[in-house]
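Have a look at the structure below, then the notes.
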């Protein structure tokens, strides 16, 4: 399971907080005409373009990662 939250309170959205499971992925559709991006690690320079009409489906990976410290 993955928990998500929307930090941008200036945009209208139907999903500001929720859970993603293997049975219920999160689908996002961009409404940004240009310069829309997706990034998840806090590093904006490592992004995917996400412009108007693009759909991103976010789900739970089949493999688990392990943090090595």
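Coordinate-derived values only; no laboratory data. The structure displayed is predicted, hence computed values, not measured ones.
For Rg and Dmax of the Cα atoms in Å, one of (i) 13.4, 45; (ii) 13.5, 41; (iii) 15.8, 52 was computed from the structure I shared and the rest are decoys. Which label?
(ii)
When the chain is fully extended, how far beyond the present Cα-Cα distance does residue 58 get from residue 27, taking 0.36 nm per residue of separation?
Fully extending the segment from residue 58 to residue 27 adds 10.5 nm.
Residue 37 to residue 17: extension gain in nm, 0.36 nm per residue of separation minus the Cα-Cα distance?
Net length gain for the segment: 5.3 nm.
With an 8 Å Cα cut-off and a minimum separation of 6 or more residues, compute the relative contact order for the chain in percent.
Contact order relative to length: 31 percent.
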